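Heads up: the structure comes next, in structure tokens.
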Amino acid sequence: MTLTHEKIEKIIAAVYEAGHFIAGADRGALGVKSKTGVDNFVTKYDVKTQEMLVSSLGKIIPEAGFLAEENGVDTASSHKLTFIIDPIDATTNFIHDLHHSAVCVGVAEDGMPAAGFVYNPFFDEMFYAVRGGGAYLRHEGGERRLFVSDRALSDALVGFGTVPYDRKEADRTFRIAKEMFLHSREVRRFGSAALDIVYVAAGRFDAFFELCLSPWDFAASSVILTEAGGAITDISGGEISVFDKTSVLATNAASRDEALRVIKSAS
Ligand code: IPD
Ligand code: CA
Ligand code: CA
């Protein structure tokens, strides 16, 4: 991809800055407001963090477009390079002071995922990857390369999401979660799709599924996963686009076929 080393480091610096802003939030003045749908909230930190990122990233690559969650910022279609931004993935965790949320910045080039940056400021964990260059985790001044695990589904820890803003998916979600539980070591619901997917990249989780996600939930983490040797598709195994809503199945290689079989049997 066309990102230079210097630009990558500048993007990482912008994502760190956004993450530190969230971690230092004034907990008494989050400015929680209801968005559309059930239990779908936004805080003034979601909005402000997105503004910060659009401003700082726009200076690094002025010719890039944006697809961002809050206020429907979408200038993606007319650009070769697009930033896909989720300013806070896991706003519900953030509102509840549960330290498991992330700033997500994906970069698409000619419509294909090309780089991804996912930062959890509460653990100081910066997951990132550029297509063709491997996936990495920066933590407390050190850096290590990431690889998916080689666990089969029977030994797997499986993350999942509940599609919280569309509760008509609840029955199918929990049917699949039950079957996954019965066919794996255990299941987990941590509340951040982006962190769930990079946890598969890091070999912490072995598989993850959710029945509907938006581009900003998975664009950044999808590059990190594939660069770590994993695969991301819809829940039937079909290709996904970083510009469309879709179901997601993210796995290592060893658990994939069995995970697809379990989902099919429970759907
Ligand atoms: C949500 C989180 C959650 C997932 C939802 C997403 P948000 O993102 O990733 O884990 O279950 O589907 O919408 O709204 O906190 O940015
Ligand atoms: Ca999200
Ligand atoms: Ca969000």
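Structure notes:
- Note on Asp155 and His96: the extension gain reaches 18.1 nm, defined as 0.36 nm multiplied by sequence separation minus the Cα-Cα distance.
- Between the helical axis of 44-60 and the longest alpha-carbon principal axis of the chain there is an angle of about 70 degrees.
- Helix 5-23 axis, angle to the chain major axis (alpha carbon atoms, nearest 10°): 80 degrees
- Annotation: extensible slack from Phe123 through Glu63 equals 18.3 nm (criterion: 0.36 nm per residue apart, minus Cα-Cα distance).
- Cβ-derived FRET efficiency at R0 41 Å, Asp257 paired with His5, nearest 0.05: 0.65
- Solvent-accessible ranking of Leu146, Leu260, Leu98, largest area first, probe 1.4 Å: Leu98, Leu260, Leu146
- Calculated FRET efficiency for the pair Glu186/Glu239, C-beta based, R₀ 30 Å, to 0.05: 0.55
- Sequence-distant lysines (8 or more away, or on other chains) whose Cα lies within less than 17 Å of Lys7: Lys59, Lys80
- Per-residue SASA entry for Thr92, accessible area with 1.4 Å probe, Å² rounded to 10: 70 Å²
- Of the residues Ala76, Ala220, Ala68, the one that moves most in a GNM of the chain with alpha-carbon contacts below 10 Å is Ala76.
- Cα centre as origin, Lys/Arg/Asp/Glu Cβ charges: the chain dipole, Debye: 340 debye
- Sequence of Phe122, Phe181 from largest to smallest accessible area, 1.4 Å probe: Phe181, Phe122
- Estimated at 0.36 nm per residue, the fully extended path between Ser267 and Val73 surpasses their Cα-Cα distance by 66.5 nm.
- When the alpha-carbon atoms of the range 1-41 are used, the pair Rg, Dmax equals 16.1, 43 angstrom.
- Among residues other than Leu81 with Cβ under 12 Å from its Cβ, the summed charge is -1 (Lys and Arg +1, Asp and Glu -1).
- Residue (of Ser154, Ala13, Val42) at the positive-pole extreme of the chain, dipole from beta-carbon charges: Ser154
- Surface accessible to a 1.4 Å probe, Arg138 within the full protein complex, Å²: 50 Å²
- With DNA, RNA and ligands ignored, accessible area of Lys44 (1.4 Å probe; Å², nearest 10): 100 Å²
- Sorting Ile232, Ile12 on solvent-accessible area from highest to lowest, probe radius 1.4 Å, gives Ile232, Ile12.
- Here the contact order of the chain, divided by its residue count and restricted to Cα pairs under 8 Å and six or more residues apart, works out to 17 percent.
- Contact order relative to length of the range 109-150, as percent, for alpha carbon pairs under 8 angstrom and 6 or more apart: 25 percent
- Only beta bridges with both residues in the range 1-90 are counted; by DSSP, about 50 percent of them are antiparallel.
- Taking every DSSP helix (H) stretch of at least 4 residues in the chain, weighting each as -39,500 (n - 2.57) and dividing the sum by the residue count yields a mean residue ellipticity at 222 nm of -10500 deg cm²/dmol.
- Total formal charge among the other residues, if their Cβ is under 13 angstrom from that of Ile240, Lys/Arg +1 and Asp/Glu -1: -4
- Nonlocal amide H pairs with Ser101, under 5 Å, H built at 1.01 Å: Phe122
- Placing unit charges on each Cβ (+1 for Lys and Arg, -1 for Asp and Glu) gives the range 203-259 a dipole about its Cα centre, and among Ser255, Ser214, Ile240 the Cα reaching farthest toward its positive end belongs to Ser214.
- Cα-based Kirkwood hydrodynamic radius, the chain, one decimal, Å: 18.3 Å
The values are calculated or read from the model by the stated rules, or taken from the named source; none is laboratory data. Quick caveat, the model's predicted, so the values are computed rather than measured. Note: ideal-geometry Cβ built from the backbone for every residue, glycine included; neighbour counts use all protein chains shown. The accessibility values were calculated without ligands, DNA or RNA, using every heavy atom of the protein model including side chains. Shrake-Rupley method; radii C 1.70, N 1.55, O 1.52, S 1.80 Å.
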